[in-house]
There are 4 protein chains.
Amino acid sequence: MEKIRIGSIGVGRMGICHAESVAYRTPDAELVAVCDLNAELAESTAKRLGARKFTTDYHEIMEDPDIDAVLITNTSAAHCECIKAACAAKKHIFCEKPTGINFEELNAIDAAVATNPGKVIQIGFLRRFDKSMLDAKNRVLRGEIGKVVKVKSVTRDPGKYREYFDKFLPGSGGIFYDMNVHDFDLCRWFAESEVKKVFSSGGVYAFDEFADFGDLDANSVTLQFENGVMGEAEGNRLAGCGYDVWVEIVGTKGSIDVKCGRNTFVVVKDENGIKEEGCPWYWERFGDAYTAEIVAFVDAVKNGKPSPCNTTDARRAVEIADIAKKSYEQGVAVENYHLFG
Amino acid sequence: MEKIRIGSIGVGRMGICHAESVAYRTPDAELVAVCDLNAELAESTAKRLGARKFTTDYHEIMEDPDIDAVLITNTSAAHCECIKAACAAKKHIFCEKPTGINFEELNAIDAAVATNPGKVIQIGFLRRFDKSMLDAKNRVLRGEIGKVVKVKSVTRDPGKYREYFDKFLPGSGGIFYDMNVHDFDLCRWFAESEVKKVFSSGGVYAFDEFADFGDLDANSVTLQFENGVMGEAEGNRLAGCGYDVWVEIVGTKGSIDVKCGRNTFVVVKDENGIKEEGCPWYWERFGDAYTAEIVAFVDAVKNGKPSPCNTTDARRAVEIADIAKKSYEQGVAVENYHLFG
Amino acid sequence: MEKIRIGSIGVGRMGICHAESVAYRTPDAELVAVCDLNAELAESTAKRLGARKFTTDYHEIMEDPDIDAVLITNTSAAHCECIKAACAAKKHIFCEKPTGINFEELNAIDAAVATNPGKVIQIGFLRRFDKSMLDAKNRVLRGEIGKVVKVKSVTRDPGKYREYFDKFLPGSGGIFYDMNVHDFDLCRWFAESEVKKVFSSGGVYAFDEFADFGDLDANSVTLQFENGVMGEAEGNRLAGCGYDVWVEIVGTKGSIDVKCGRNTFVVVKDENGIKEEGCPWYWERFGDAYTAEIVAFVDAVKNGKPSPCNTTDARRAVEIADIAKKSYEQGVAVENYHLFG
Amino acid sequence: MEKIRIGSIGVGRMGICHAESVAYRTPDAELVAVCDLNAELAESTAKRLGARKFTTDYHEIMEDPDIDAVLITNTSAAHCECIKAACAAKKHIFCEKPTGINFEELNAIDAAVATNPGKVIQIGFLRRFDKSMLDAKNRVLRGEIGKVVKVKSVTRDPGKYREYFDKFLPGSGGIFYDMNVHDFDLCRWFAESEVKKVFSSGGVYAFDEFADFGDLDANSVTLQFENGVMGEAEGNRLAGCGYDVWVEIVGTKGSIDVKCGRNTFVVVKDENGIKEEGCPWYWERFGDAYTAEIVAFVDAVKNGKPSPCNTTDARRAVEIADIAKKSYEQGVAVENYHLFG
């Protein structure tokens, strides 16, 4: 196999980013087809990025024997059916999160994936591909901090996007599914275990309109893993200083901080003190990880490696979100088996 | 009233520190008497620090009408009876934590304090007097971060003192009472509310001998306050880099970190990276706060101010420890009223 | 004018970077032609990046009326003749540093540029285009630190590349021309004035072989600007922790640090202390600036803006290097007019 | 010899600090006498600190055979005569800087010290006794950064004390003598060599009134040491963020930063960015070093160690100041032997 031939399904905001990664920044892959419901966008994108085929019907991508792999980056509601079609067509699959939006879909996806052995299916938990997260993970694997005792993962979105949140979040599934899911995945990844009990707190602290659509603007979720590791996931939409996302892994011999970074390397020292600008938003923090996850996907496909982030990972994060929300609603600690036992 | 005349009861490790603060670093007070069960130590300390009286019997301190205030810094087991005696003698009282070692004692102390109105009784939660903690508190009070959403307080003792822990901790009451009590107090202080529910995790992760005396070497306690503020208290005895103690207060408009600091201002940049030395232990981090709390006590006495940290504060921290331990033992979230309702 | 049509002359290590920036990361430009002495490389690059023309003869680029601008990124020895040819052909020009390698060439370039008015000629002092440097510059322009008092610019290459230096540096012109020239340019840029006096120190401190080819491994150059601003440029090839490059601008009301950054956001805290990894090398620090300078070039061409970094800037930096070397050799402070008056 | 018996000569602002260090914080010493031209102050201080003798005439201190060592902390103008008297009386001597205020006095001091062999004479270059500076020095001595290449020492006083400067600085001897002398001493200390050439820059950048008394508000001094080490000393009175004092020691294998520190450990993150408070002034940065230098003095006296900072050190720093000022006035690099050859 020379270059991995990739078809891109959905080239909206996130899809176009991945399609460009294939075309420009992944030497072992080439973009051969672009699909989008918007015919004009499909065509112009294909031409600009050098893809030979464009279409509004993703089945054309699936049926093309000269396409090795697909990027499923269209609307979340279509992920499940696309995964099923791609499994049927024996493609390698990269799919943006979430894979399924309820447990019926998650179950259907599991069944489909089982029919497509030997193919890579990778889910877009991009934080795992961030250079700093990977470095932290490798240090943990090398035993630099001994055994893991606790993982803390914090996600705080900039409060200044309040109006954007009001528009975007009502259909998002809420903070546990939309935001904490990244933290849950990182906690699982570092803990290397499954969650056995969850306790959640939270509420609406400042953005009253969140109550209108049944969401919280800040929360805190305590996790207990089967191997004894403690976890803490925290999210809010209120961060004053920008995008404030960090992880701490505490071990028996040391700990690792994965800090958030700053907007620039500039420090201003004046009568107001010593000041730096916070990280503006996710793109400035994780922009490179969007490329890295596509490079990793192509590497797995080309070199027969296991998926670095598969559908089970995706399912587990959603399961934890589900338990966490239940804990919040009921005010008690919830055990995993209550839900899935 | 000129200088506040102070008698020091117990001049061991902590007591001598406070006695020297009175003698050397508190211009508005003078050390007039020293009491210690070790007669020689009482005499030599009195002479060195310029106190006119020394004794092995604390009642002599209580009965002396020329003593305005007492420092109760002897063994924890004697705190309750000394507080009762001091209340009866109408003294102002500074007492090291813990005030009482069970709820019977705490109740007795409350009753005694009620008989001594108009006198200051201050408990040694020294972190409240740390310059950085006070600065953070004042910023919160000024509204710099909006309303408080969450308070996180972390205490990690250096793991290299493992042998010392083995000797010292068996009689300490355990991590919830001995260590987290500081974190609980800070959470309450910043939250300005009472705890309504607690969920604890933890275990023995590295120091197996801790299991022998029924203690944990690491834990995590989630707090829900009545006003909705979320709290997280974390403790361990395993810290690799030294004494790792920090607080984060998250608000609706910003957040405040109170960092731990370093051993020096030195940064070494070489083939191993860019390196700083962690804070060695509590003295290097909170040494100045030991002076500050005595200065604050004398200020309250002299100027008729309310105690900055009273017996209710002491009691609440112990109550939270009690609930937290119960939560850990039972594996469920525990509501405050279950215990005290 | 729609998209700026660009021909790339020389697609070696640096040239390919810029050609890709045009093809992939500069929406207002398109790569239309590729020239390289290596015919195969020219062809494959053109095909890969979608350019319609490839050649081994740069005159074909110059003569093409459908090319608006050229990137001169071939060997330094050919820069002068290419600039002259491009000026004669009335192209906009982006040229990597150095423009000319002696004062005869610099004079010839000045003369050529004078014959090509209204066209942009921009030189590759890429640090000016670094997001952090630009932010610092804008802060200075806005008066955030008052009047500039002093500019300090430090460049330290990683000592672990000693063998690479041995191979590469003998033909480089030496530390004053090859390394400090970036610092001189930044000092001029922030000082907004011309140098009037220079005093240099330096020597061979560790890499003895540097003496064999008449170079230094570390130096320090003090600059006095005509407007009174003080400058300090420092370079070495010995940095233990990686690439250590930073700038400080001291003003009458405050100061600005432009720090070097780290390899990742990871901090490891263990028995060895609190540790971060330094920035590996220039690519990790200034990689984005390579794109930014091409974007800025295209913006200047398209929108008729003045060059953000012209041939006079290039010439001045070389002049300062020349004086600085003279000062080092003679052991005295050297005034600018001694050389050029 | 039991405790070192110390007489304190001059208990103004700095003297009282040292006297208290002896009385309270130096277990191996005792304060036995206090001398001050203000009789009342001498008496009250002696009583408060437990000294048996007080006087307005320093000869009474010198003549007292039960005094082992003297602290000369009166006005600078009297230092020379006190040192001579103390040498004649065979006392150990701690003297605040400056020792002598011109070369006549420095010569007289050298002659006096030569008559008092075996006694410790220590000068108050307190930065050498700062915990961080000592740590840096020890790392350099252990070879952690290889051979020293360069030492940079920066002192910036807070600009907000402009009015204080106007009152205090006219009699100070100017920035080279009053401020840079600390930087010169640190450069010598880390370089372990003598200065052979100096080049200075500087001027009045903001505080116009400095010109009236012939002083500068900012400068920069480049030093070349006999062993090839490069030095940079920088001073200004303009710092916006507080007291900004730091040192960098660059070696062949790494470098060491001695940072300035902050007012607290608090970091505020809000819409204005991520902010810390700078170090207010010298006391917050070097307060502990005032105690440490007295402890070191007593240690040297009691244990027969050499002075950690002797009159030669004091003289050299003044000599460098003298050359540096000459360089500034003449606009040329000045060699040491021109002055002292």
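Of note:
- Residues located in the stretch B:59-72, provided they are closer than 22 Å to B:ALA112 by Cβ and open to solvent by 70 Å² or more (accessible area, probe 1.4 Å): B:HIS59, B:GLU60, B:GLU63, B:PRO65
- Of all residues in the stretch B:223-262, those that are away from chain D (no Cβ under 13 Å), in contact (Cβ under 8 Å) with a residue 60 or more places away in the chain and either part of a strand (DSSP E or B) or among the charged types (D, E, K, R) (or both) total 11.
- Subset of the stretch B:310-336 that is out of contact with any helix residue (DSSP H, G or I) (no Cβ under 7 Å at 6 or more places or on another chain) and aliphatic (A, V, I, L, M) - its residue that is most open to solvent (accessible area, probe 1.4 Å): B:VAL332
- Selection status of A:GLY202, within 13 Å of chain B (Cβ to nearest Cβ), in contact (Cβ under 8 Å) with a residue 12 or more places away in the chain and open to solvent by less than 20 Å² (accessible area, probe 1.4 Å): no
- Qualifying residue in the stretch D:101-118 (condition: within 21 Å of D:LYS302 (Cβ to Cβ) and of a type in the set (Val, Ile, Thr)): yes
- Meets criteria (within 14 Å of chain B (Cβ to nearest Cβ) and either closer than 25 Å to C:VAL229 by Cα or open to solvent by 10 Å² or more (accessible area, probe 1.4 Å) (or both)) for D:TYR177: no
- Within the stretch B:39-80, the set of residues being of a type in the set (Asp, Glu) and within 24 Å of the chain's Cα centre (by Cα) comprises just one member, B:ASP68.
Residue-wise test of (1) farther than 17 Å from A:TYR328 by Cβ; (2) open to solvent by less than 10 Å² (accessible area, probe 1.4 Å).
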position: A:MET230; (1), (2): yes, yes
position: A:ALA233; (1), (2): no, yes
position: A:ARG237; (1), (2): no, yes
position: A:GLY251; (1), (2): yes, yes
position: A:GLY254; (1), (2): yes, yes
position: A:LYS259; (1), (2): yes, no
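- Residues in the stretch D:205-222 that are within 8 Å of another protein chain (Cβ to nearest Cβ) and aliphatic (A, V, I, L, M): D:ALA206, D:ALA218.
- Restricting the stretch C:73-128 to residues that are among the basic types (Lys, Arg) and part of a helix (DSSP H, G or I), the residue that is surrounded by the fewest Cβ atoms within 10 Å (Cβ to Cβ): C:LYS84
- Residues of the stretch B:129-172 satisfying the condition of being among the small types (Gly, Ala, Ser) and surrounded by 19 or more Cβ atoms within 10 Å (Cβ to Cβ): B:SER132, B:ALA136, B:GLY146, B:SER153, B:GLY159
- Residue that is farthest from the other protein chains (Cβ to nearest Cβ), among those in the stretch D:274-289 that are closer than 17 Å to B:LYS259 by Cα and open to solvent by less than 40 Å² (accessible area, probe 1.4 Å): D:CYS279
- Residue check, B:VAL267 among the β-branched types (Val, Ile, Thr) and within 14 Å of chain D (Cβ to nearest Cβ): yes
- Of B:SER44, B:SER8, all but one fail to be of a type in the set (Ser, Thr, Tyr) and not in a helix (DSSP H, G or I); the exception is B:SER8.
- Within the stretch A:320-332, the set of residues being part of a helix (DSSP H, G or I) and touching a strand residue (DSSP E or B) at 6+ places or on another chain (Cβ under 8 Å) comprises A:ILE320, A:ILE323, A:ALA324, A:LYS325, A:LYS326, A:SER327, A:TYR328.
- Test: residue in the stretch B:295-310 that is among the hydroxyl-bearing types (Ser, Thr, Tyr), touching a residue at least 24 places away in the same chain (Cβ under 8 Å) and assigned to a helix (DSSP H, G or I): no
For every residue, the table says whether it meets (1) within 14 Å of chain D (Cβ to nearest Cβ); (2) within 30 Å of C:LYS90 (Cα to Cα); (3) crowded, with 17+ Cβ neighbours inside 10 Å; (4) at pLDDT 95 or above.
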{"position": "C:THR291", "(1), (2), (3), (4)": "no, yes, yes, yes"}
{"position": "C:ALA300", "(1), (2), (3), (4)": "no, yes, yes, yes"}
{"position": "C:PRO306", "(1), (2), (3), (4)": "no, yes, no, yes"}
{"position": "C:HIS338", "(1), (2), (3), (4)": "yes, no, no, no"}
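- The stretch B:6-25: number of residues that are open to solvent by less than 10 Å² (accessible area, probe 1.4 Å) and out of contact with any Ser or Thr (no Cβ under 8 Å at 6 or more places or on another chain): 2
- Only one of the numbered conditions (1) within 24 Å of C:GLU248 (Cα to Cα); (2) of a type in the set (Gly, Ala, Ser); (3) open to solvent by 10 Å² or more (accessible area, probe 1.4 Å); (4) in contact with a Phe, Trp or Tyr (Cβ under 8 Å, 6 or more places away or on another chain) is not met by D:SER193, and that is (1).
- D:ASP212 open to solvent by 30 Å² or more (accessible area, probe 1.4 Å), within 26 Å of D:MET230 (Cβ to Cβ) and free of Cβ contacts under 8 Å to residues at least 40 places away in the same chain: no
- Between B:THR45, B:THR56, the distinction of being under 16 Å from B:THR73 (Cβ atoms) and open to solvent by less than 10 Å² (accessible area, probe 1.4 Å) belongs to B:THR45 only.
The values are calculated or read from the model by the stated rules, or taken from the named source; none is laboratory data. Everything quoted here is computed from the prediction, not taken from an experiment. As a convention, Cβ positions derive from the backbone with ideal geometry for all residues, glycine included, and neighbour counts pool all protein chains shown. Surface areas here come from the heavy atoms of the whole protein model, side chains and all, with no ligands, DNA or RNA. Shrake-Rupley method; radii C 1.70, N 1.55, O 1.52, S 1.80 Å.
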